[in-house]
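For reference, the structure discussed in these notes is given below.
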Amino acid sequence: LEQLKTNAEVLKTAEEASKVAMQKLIEAASESHRATVDDEGVDSQDDEELLFKYVDKKAQAPKKEQITNASALIAEEDEKKRKLAHALAEVNMWQCKITPKRTDALRSMTEPPSVVRKIMDMV
């Protein structure tokens, strides 16, 4: 969940940086275009205004892909937490079943199965 929050912050920072870069690019393009238009004697105020409106709409519109990806990541994190909680509950249940009597019975086996041998090594 912390990783998701960190990713969201990084995305927000990148989005802000891209807005600033886009604004600078638009300004540079409009300055270049203005110089060309001034030479030709054509008024480009309407075109520039339309361009700014278009860029503003694009910047303000939430991207469905980002929202969907964030929702999917949150759902995936929740699923992982649920599975982990279930696994811990099962481990606790089986851990409670290990008693000294059972461990002694397993140790007394001359040739225990490989699975039992592995479990005894872990215990």
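The values are calculated or read from the model by the stated rules, or taken from the named source; none is laboratory data. The model shown is predicted, which means the values in this text are computed figures rather than measured ones. Cβ sites come from the backbone with ideal geometry, for glycine too, and all protein chains shown count toward neighbours. Just the protein is used for accessible areas: all its heavy atoms, side chains included, with ligands, DNA and RNA removed. Shrake-Rupley method; radii C 1.70, N 1.55, O 1.52, S 1.80 Å.
For Met109, are the conditions met, namely being open to solvent by less than 100 Å² (accessible area, probe 1.4 Å) and on the phi < 0 side of the Ramachandran plot? Lay out the reasoning, then the answer.
Working: open to solvent by less than 100 Å² (accessible area, probe 1.4 Å): yes; on the phi < 0 side of the Ramachandran plot: yes.
So Met109 passes the test.
Here's a check for you: in the range 96-106, which residue that is in a helix (DSSP H, G or I) and of a type in the set (A, V, I, L, M, F, W, C) is most open to solvent (accessible area, probe 1.4 Å)? Before you say what the answer is, go through the steps one by one.
First, the residues of the range 96-106 that are in a helix (DSSP H, G or I): 96, 100-106.
Narrowing the set further to residues that are of a type in the set (A, V, I, L, M, F, W, C) leaves 96, 105-106.
Working: Cys96: 106, Ala105: 56, Leu106: 57 Å².
Among residues in the range 96-106 that are in a helix (DSSP H, G or I) and of a type in the set (A, V, I, L, M, F, W, C), the one most open to solvent (accessible area, probe 1.4 Å) is Cys96.
Where residues in the range 58-88 are open to solvent by less than 90 Å² (accessible area, probe 1.4 Å) and of a type in the set (Val, Ile, Thr), which of them is modelled with the highest pLDDT? Full working, then the answer.
Pass one, the range 58-88, residues open to solvent by less than 90 Å² (accessible area, probe 1.4 Å): 59, 61, 66, 68, 70-75, 77-79, 85, 87.
Narrowing the set further to residues that are of a type in the set (Val, Ile, Thr) leaves 68, 74.
Details: Thr68: 68, Ile74: 84.
Across the range 58-88, the extreme among qualifying residues is Ile74.
Within the group Val42, Val91, Val55, which residue is part of a helix (DSSP H, G or I), at pLDDT below 80 and open to solvent by less than 90 Å² (accessible area, probe 1.4 Å)?
Values: Val42 fails: part of a helix (DSSP H, G or I); Val91 fails: at pLDDT below 80.
Answer to the selection: Val55.
List every residue pair whose Cβ atoms lie under 7 Å apart, where the two residues are 6 or more positions apart in sequence or sit on different chains, the first residue falls within the range 71-97 and is closer than 12 Å to Leu4 by Cβ, and the second residue, located anywhere, is open to solvent by less than 90 Å² (accessible area, probe 1.4 Å).
Leu73/Leu4; Ile74/Leu4; Glu77/Leu1; Glu77/Leu4
Pairs, please: C-beta under 6 Å, at least 6 apart or cross-chain, first residue within 12 Å of Val55 (Cβ to Cβ) and in the range 10-22, second surrounded by 10 or more Cβ atoms within 10 Å (Cβ to Cβ) and of a type outside the set (Ser, Thr, Tyr)?
The qualifying pairs are Lys19/Ala59.
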